[in-house]
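**Q** Questions regarding the structure given below will be posed in turn.
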Ligand code: NDP
């Protein structure tokens, strides 16, 4: 049976992995729409290859380029923030939410409101608007499939079990490229070094988040919303090999873990085929070659981001959205050469210390909190 699919963030790393899977099984999918921010030529090429009905750029200034690249193809082009929401609201059977950052939140909400299936990679949407997004999922009877490898692993380990029987959910973290670096080395870490993840090939923002461990902090908050076992039953363990993608421990002492190659096509395939399985071209694990799996507690002295995220989750209200927004600003500034590596978490921490706006109760209020926190964080940017 052919299913329709829309990919929000088609030109990114998750978008490319998703399209790779679709390319291998063209008959199974009818590509409705693909989106990007401003990679107009790349988006147009993908839209033509996959026979999409519609291609959308989030940045309206890039629409003329998209129109030109699509001319004669018969594919409709649109641009702007509202166009992203409109395309998400077309009601494809499956929407892959892979825009990076809080910019993906409104389109994700628009997709959820259609009550269909959403494969959610865009963790920042859930961090910023967890309660609102999860209520929307419930209200509209949507199916939210976690695509982040850790959450997808937990989702698989929970299958057939009751959350009341869970003792611990353990998120694994590779520890990133700077796992063994001293404070002094971290203070001098460069953009190029931060962008070299030891195990995963991902977009720039999440790669820097992995290096600061903020990625794990955001995932902690993400897990709290997706699997409501309570914050005191969620923990993080450093596992440098990234073979175990996360674990669930039950009250009888059993721990279920999901293992797999460090290739996002595996969790994406699990979402696309859910509740069945599909083939991927991923090389299976070769455990004798891997040899050893090791584990360690996170070092929150050198990597304070997971502590910040835990504190933001405990504080609740606007705090997670503020943390996320400040981090987005700080990561962009680091990538732009404006601040040092260790200033990223410092700016997130200092923004959280400001008087927090009141708890947002709607999408509009989350976006207002996000905007305010960005303003505060931008004021803290100092030259590197
Ligand atoms: P990339 O940076 O590779 O891609 C981001 C995509 O979003 C691109 O298509 C980009 O378009 C688009 N985009 C960026 N900014 C905007 C905007 N303001 N409005 C509309 N579209 C925008 O990111 P990743 O694929 O690495 O990550 C996507 C999401 O998935 C993130 O939330 C990340 O945390 C999550 N994730 C990613 C994993 C990975 O392995 N990459 C693993 C687990 C989760 P353009 O090309 O035009 O810039």
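**Q** Going by how many other Cβ atoms sit within 10 Å of their own, how do 224, 181 line up, fewest first?
**A** 181, 224
**Q** Among the DSSP beta bridges whose two residues both lie in the chain, what percent are antiparallel, rounded to the nearest 5?
**A** Just about 25 percent of them are antiparallel.
**Q** Which residue fluctuates the most in the chain, going by a Gaussian network model with Cα springs under 10 Å, if the choices are 172, 306, 361?
**A** Looking only at 172, 306, 361, the biggest GNM fluctuation is shown by 361.
**Q** At R0 = 35 Å, how high is the FRET efficiency between residue 231 and residue 61 if r is their beta carbon distance? Nearest 0.05 is fine.
**A** Working from the Cβ atoms, E equals 0.25.
**Q** Can you give the calculated 222 nm mean residue ellipticity of the chain, where each DSSP H run of n ≥ 4 adds -39,500 (n - 2.57) and the sum is split over every residue, rounded to the nearest 500 deg cm²/dmol?
**A** -13500 deg cm²/dmol
**Q** Build a GNM of the chain with springs between Cα atoms under 10 Å: which of 241, 258, 82 gets the top mean-square fluctuation?
**A** Maximum fluctuation in the GNM of the chain, among the listed residues, is at 82.
**Q** Quick check: the distance between the Cα centres of the range 212-257 and the range 9-85, to the nearest angstrom?
**A** 34
**Q** I'd like the distance between the alpha-carbon centres of the range 311-342 and the range 282-307, rounded to an integer number of Å.
**A** 24
**Q** What percent does the relative contact order of the chain come to when contacts are Cα pairs within less than 8 Å and at least six residues apart?
**A** 14
**Q** Oh, and also: In nm, to one decimal, how far is the residue 190 label point from the residue 139 one, both placed 7 Å along Cα→Cβ?
**A** Result: 5.0 nm between the two label points.
**Q** Given points 7 Å out from each Cα along the Cα-Cβ axis, report the residue 45 to residue 378 separation in nanometres with one decimal.
**A** 3.3
**Q** Now, a different point. Could you tell me the calculated FRET efficiency between residue 81 and residue 355, based on Cβ-Cβ distance and R0 = 35 angstrom, to the nearest 0.05?
**A** 0.80
**Q** Using a Förster distance of 35 angstrom, determine the FRET efficiency expected from the C-beta separation of residue 168 and residue 71, and round it to 0.05.
**A** Once rounded, the FRET efficiency stands at 0.05.
**Q** If you don't mind, another one. Relative contact order for the range 119-180 using alpha-carbon pairs under 8 Å, separation at least 6, rounded to a whole percent?
**A** This gives 32 percent for the range 119-180.
**Q** What residue among 146, 267, 275 shows peak mean-square fluctuation when the chain is described by a Gaussian network model with Cα springs under 10 Å?
**A** Looking only at 146, 267, 275, the biggest GNM fluctuation is shown by 275.
**Q** Moving on to the next point. Let me check against my output: what whole-number percent is the relative contact order of the range 147-230, with C-alpha pairs under 8 Å and at least 6 apart?
**A** This gives 35 percent for the range 147-230.
Only the coordinates and a few stated rules stand behind these numbers; no lab work does. Only a predicted model underlies this, so the values are computations on that prediction, with no experimental measurement involved. Methodologically, a virtual Cβ is constructed for each residue, glycine included, from the backbone with ideal geometry; neighbour enumeration extends over all protein chains shown.
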